[in-house]
Amino acid sequence: MIMNTLPTMQQHATPFNLQNNPVPAGEQLWLQQIRQNALQHFVKHGFPTTRQEDWKYTKITPLAEQVYYLPTRTQVSAEQIAEHLIPNLDSYLLVFVNGQYQTELAELSGLPAGVILCELTEALTQQPALVQAHLTKIAATAKHGLSALNTAHMQTGYFLHVPANIKLTKPIQLIFLSTEQELPTTYQLRNLVIADTHSKLTLIENYIGIGSTNYWTNTLTEIHVEDHAQVEHFKLLQESQSAYHTGTLSVQQGAHSQLNSHSFALGGRLIRSDSDIVQTAEYVSSELNGLYLAKGKQHIDHHTSIDHAQAYGSSRELYKGIIDEQGRAVFNGRVLVRQDAQKINAAQTNKNLLLSEQAEIDTKPQLEIYADDVKCAHGATVGQLNASELFYLRSRGLNEQTARSILTFAFANELLEFVNQIQLRNYLRHCIIQQLAQDPTILEML
Amino acid sequence: MLTIKNLHANIDDKAILKGINLQVNPGEVHAIMGPNGSGKSTLANVLVGREEYQITQGEVRFEDQDLLNMAPEERARAGIFLAFQYPVEIPGVSNINFLKAALNNVRAARGLAKLDAIDLLQQVKDKMQQVKMNPDFLYRSVNEGFSGGEKKRNEVLQMLLLEPKLALLDETDSGLDIDALKIVADGVNALRSPERAIVLVTHYQRLLDYIVPDFVHVLSGGQIIKSGDKNLALELEQQGYGWLTEARA
């Protein structure tokens, strides 16, 4: 009987209507208003197109043309999640599966008093004033249609508030898992972090896709880094090979604060990752590291923007890409030094390794400097594996494929040197080797 | 062990080697000397399979194998080792892991088991002591930021570990002070044995004060123009290369 073969989910599935605003029952008026405004913005401007400078190389028309469905309830067991956790990492944990928060899988024991770590919707009920004071306060709706869409349709995500002077010693692991589904699904995830003065925390967002379903993750993470706070943020993209991931990290930093952001874009059919950092006060430090591996027909686009609005700030960016087969990558690094932002020290580096004839990279630094006493450096390189290095390894008995693997991994390895957490570093090392489809025995070499 | 017959090689269509003939037997130490640009380094690089050179004529046999048809890694596994004139820096690959991979690959080719981590480390440290290298160098990227002398010692360290049948040293003495030169020479002498052959490519005689060769060859214009014993090197030291190259012209 045909009816029996029809998945039950499909009978209840709701198409994702971009232009309709599904306000959850009982939602606060201020939030309804925010959603409404964002929706109007999206309806007016629509999806970004390649006619816009910021989207010149990244075409997202497949997203606009595909009918996506809203997430349906998925239940997973602790055992099913265990294999996706970072091995041996002692961390706090929140788990989202197919766009649904999994209450029973959270691991919050030992969280210092006063720290709030929960699902965003729970925070809206428990801490409405705190959420209202911070939500959408950094991420500019007007930046591009996808942020507006996220604000209009945000479904779930995590909320973290670390009060003043609290330094979290354990990292916070956030799993966003997508499993095999019958229908193309979209996850509009919204995360909000408030790091109060002199606080310290580490976030590890891990987006993992298994199966071959077309799904679309659209995320927006807003982080308020108050004066003297230190935030380390990891974004691991291991979406499935048929998934679309569009995500923005929006950070606002107070005086003497420090942000270290690391992006590891390893999996996904199309990835567009924006990092927008605003230094709102003096003596702010921002470090952005990124590694992207594009092969097959993968397309990975990183856009970073650092806004030096005040003096004595520093920023350092290192993005490296390995592009193979017909993979394509984009890097655009904007550094804005405003008129009042004297004594800024900004450095940006983008290095790319092209491993095939068809591989492509479009890299562009974008420096806009309006202050006169600043130090701004930038550099971009595109190259192949070094023939002398290859020969040197082979002349010592290593076969050509192993020599190539070692040099390719060594190129990526520089980004791992910024990862102090040993368990996380080991995990990332494995993920990178796997994505590069390299012989795991080369791990012994590095 | 090594037989070179009428070897011609080009780089970028320019002829560098123009008919080299050389026989190297087990237990022998040969020194190849000659003025700059004579083709000494080219010869060493051609023997290890550097791809920039095109072989246009001639034959090279190593033991019973046609050397010119072997990939660089096959030559290494067969027991040929070149200590490079300009060792390459490899950022991101630690020296210890590089040594481990090289040694285990060469051991596998000889039918020997992989060394476990402890034995390997002990062996590496022993050899490091022999070339007076600080163990800290094990945990740095291969040759990265090493001084000229440190790089040369790292080459000799690799040679001592891999125990090649045929060791080629390309200007390993250049840029070394007298103490470093002695260390390098001691390393090479430690490797001398009736089963092994050593070919030293050098511009100067001074290395030969410490590693006494059985044969000295003068390479000029891509050919060996004179061969002799160690006394030939002394003659060259006193008179330069002029008398030989002019006599030939």
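The values are calculated or read from the model by the stated rules, or taken from the named source; none is laboratory data. Being a predicted model, the structure only gives us computed values, none of them experimental. Neighbour counts are summed over all protein chains in view; Cβ atoms, including those assigned to glycine, are modelled from backbone coordinates with ideal geometry. Ligands, DNA and RNA are excluded from the accessible area calculation, which covers all protein heavy atoms including side chains. Shrake-Rupley method; radii C 1.70, N 1.55, O 1.52, S 1.80 Å.
Here are a few things to note about the model shown:
- With R₀ fixed at 30 Å, the C-beta to C-beta distance from B:Asp186 to B:Arg61 puts the FRET efficiency at about 0.45.
- Around A:His302: net Lys/Arg minus Asp/Glu count, Cβ-Cβ under 9 Å: -1
- Region A:92-241: antiparallel DSSP beta bridges as a percent of all, rounded to 5: 15 percent
- Radius 11 Å from Cβ of A:Tyr57, net charge of other residues (Lys, Arg +1; Asp, Glu -1): 0
- Estimated FRET transfer efficiency (B:Leu234, B:Asp177; beta-carbon r; R0 22 Å; 0.05): 0.50
- Chain B contacts chain A over a buried accessible area of about 2100 Å², both sides summed; the probe is 1.4 Å and only protein chains count.
- The mean number of Cβ atoms from other chains found within 10 Å of a Cβ in peptide B:61-74 is 2, as a whole number.
- Carbon plus sulfur fraction of accessible area for chain B, probe 1.4 Å, in percent: 46 percent
- With R₀ set to 30 Å, the beta-carbon distance separating A:Lys343 from A:Ala133 gives a calculated FRET efficiency near 0.45.
- Helical content of chain A, expressed as a calculated mean residue ellipticity at 222 nm, amounts to -6000 deg cm²/dmol (DSSP H runs of 4 or more residues, -39,500 (n - 2.57) each, divided by residue number, nearest 500).
- Applying 0.36 nm per residue to the separation of A:Gln28 and A:Tyr370 and subtracting their alpha-carbon distance, the gain on full extension is 119.0 nm.
- Accessible area per residue, Å², region A:94-252 with all protein chains present, probe 1.4 Å: 28 Å²
- Across peptide A:379-392, the mean count of Cβ atoms from other chains lying within 10 Å of each residue's own Cβ comes to 3.
- Cα gyration tensor, region B:27-72 - rounded (a/c under 1.5), prolate or oblate: oblate
- Accessible solvent surface per residue of chain B, calculated while the other protein chains remain in place, 1.4 angstrom probe, Å²: 43 Å²
- Inter-chain neighbour count for B:79-92: the average number of beta-carbon atoms from partner chains within 10 Å of each residue's beta-carbon is 4.
- Local electrostatic count at A:Ser77 - Lys and Arg +1, Asp and Glu -1, tallied over other residues with Cβ under 12 Å: -3
- Packing here is the average count of other Cβ atoms within 10 Å per residue, and on that basis the peptides A:149-157, B:161-169, A:338-346, highest first, run A:149-157, B:161-169, A:338-346.
- Taking packing as the residue-averaged number of other Cβ atoms within 10 angstrom, the listed peptides B:83-89, A:202-208, B:230-236 run from highest to lowest as A:202-208, B:83-89, B:230-236.
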